[in-house]
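Working notes, structure below.
The values are calculated or read from the model by the stated rules, or taken from the named source; none is laboratory data. These figures come from a predicted structure and were not determined experimentally. No Cβ is skipped: glycine too gets one built from the backbone with ideal geometry, and neighbour counts run over all protein chains shown. What goes into the accessible areas is simple: the full protein's heavy atoms, side chains included, and nothing from ligands, DNA or RNA. Shrake-Rupley method; radii C 1.70, N 1.55, O 1.52, S 1.80 Å.
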Amino acid sequence: MQVTLLIFVSIVGQAATLATANPYGGPSAPPQVGKTPPPQSIVCNDPRSRCNGQNIMCPQQCPSLRPAYPKEKACYVDCSSPTCEATCKNRTVNCYGVGSACGDPRFVGGDGIVFYFHGRTNQFFSLVSDQNLQINARFIGRRPEGRNRDNTWIQSLGLMFGRHTFTLAAMKAAKWDAAVDLLQITYDGEAVPIGDGHLAIWAAADSGLVVERTAHCNSVAVTIPRTVEISVSVVPITEEDDRIHNYQIPDDDCFSHLEVQFLFFDLSERVEGVLGQTYRPEFVSPVKRGVEMPIMGGESKYRTSSLLSADCSYCIFSPELPKGMAGGAMRLEPTGVMECTSSMSNGRGVVCRR
């Protein structure tokens, strides 16, 4: 089993009170704009981690777990670090980091290799399919005159975990206005009533899922504790993008779409999906290295019938099965020493495999 031992601060609370807490440590209050609070700290209490039981202080350069301003760096605690020290990280999507998907979509796999997956316009594809987690994407696109394929972008994400569903979509807009929020979010089929402004937060009382704004609008962090953390931003096709790539964007649609980055905490060795497969220990990327646009195929393997379905031919999502079962076969937990490396984590933490 692949285990990511980076302890990210997730904000978990009741939606009614907007209370915040760290599931791996003690409570953390929202920062106060205009004041300089003392550095916050976090206690590592994951028994799998190297720094279990230690109280780790945030650096002076990024003293807050939840900085008051969107462009400030946040304090992140890596409980598997050899030095048991916190580091400073941006909360926004890093399109060159592991687990990211940006543009037409350009992915960086769990193996650190860049690839493109074009998919098809107005169709759905499984990005990640594991026993307890399914993440699908809806693609929008446009075929410029004289070309033989669509340019495509991720317009929405659909998650299934346990008995719950979650969707996040970029709404269509004729013209881009950075002050207008285009995020549309649902949980179990109901609209998520997250407030306006940076650090506004909404938490599901029955699953631990948390949505927090990481900018005044159009950017959020989504956390399912001990499963996945997702950074998401809505962006348009800019005039400069259109000029460089000749997308031939019409005047009545700026093709608002999502830039996303995933951090997974508990993927099985059998994980599937366009992105998920790249996290398997034995995965060898089939894309051509050194070319301008290395293409990952698999449209037929990973196409689903809707944003919230797990019916692709390679999907393995099965929340009915006990933990450790996938496709009817028990996955035995191997014993022995963990092999840890930071080469694939792009500074986001240490990835350990048994």
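Which net charge results when you count Lys and Arg as +1 and Asp and Glu as -1 among the other residues whose beta-carbon is under 14 Å from that of Cys102?
-2
Calculate what fraction, in whole %, of the accessible area of segment 54-194 sits on carbon and sulfur atoms when a 1.4 Å probe is rolled over the protein chains.
48
Compute the length gained on full extension between Met171 and Gln184: take 0.36 nm times their separation in residues and subtract their Cα-Cα distance, giving the result in nm to one decimal.
In short, 4.0 nm is gained.
How high is the FRET efficiency between Arg163 and Glu85 when r is their beta carbon distance and R₀ equals 45 Å, given to the nearest 0.05?
Plugging the Cβ-Cβ distance into 1/(1 + (r/R0)^6) gives 0.70.
What's the local net charge at Gly273, with K and R +1, D and E -1, over the other residues with C-beta under 10 Å away?
-1
Using per-residue counts of other Cβ atoms within 10 Å, averaged over each peptide, order 114-127, 279-292, 305-318, 173-186 from highest down.
Output ranking for 114-127, 279-292, 305-318, 173-186: 114-127, 305-318, 173-186, 279-292.
I need the calculated FRET efficiency for the pair Ala200 and Asn52, taking r as the beta carbon distance and R₀ as 41 Å, to the nearest 0.05.
0.80
Quick check on packing: order 65-74, 51-60 by the mean number of other C-beta atoms within 10 Å, highest mean leading.
65-74, 51-60
Roughly how many Å² is the accessible area per residue of segment 132-252, as a whole number, for a 1.4 Å probe?
Using a 1.4 Å probe on heavy atoms only, each residue of segment 132-252 averages 43 Å².
Rounded, prolate or oblate: which fits segment 127-237, taking a ≥ b ≥ c as square roots of the Cα gyration tensor eigenvalues, rounded meaning a/c under 1.5, else prolate when a/b beats b/c?
oblate
Using mean Cβ contacts within 10 Å as the protection proxy, how do 80-92, 154-166, 97-109 order, highest first?
Ranking the peptides 80-92, 154-166, 97-109 by packing returns 97-109, 154-166, 80-92.
How far apart, in nm, are two points set 7 Å out from the Cα along the Cα-to-Cβ line at Tyr69 and at Ser306?
4.5
What does the charge count near Ser313 come to, summing +1 for each Lys or Arg and -1 for each Asp or Glu among other residues with Cβ under 12 Å from its Cβ?
Computed value for this residue: -1.
Quote the relative contact order of segment 141-262 in percent (integer), defining contacts as alpha-carbon pairs under 8 Å separated by 6+ residues.
24
Measure up Lys172/Lys288; Lys172/Lys301; Lys73/Lys301; Lys175/Lys288; Lys73/Lys172 against 32 Å on the Cα-Cα distance and list the ones that go over.
In this structure, Lys172/Lys288; Lys73/Lys301; Lys175/Lys288 lie more than 32 Å apart at Cα.
Quote to one decimal, in nm, the extra length available between His216 and Asp241 on full extension: 0.36 nm per residue of separation minus the C-alpha distance between them.
6.6 nm
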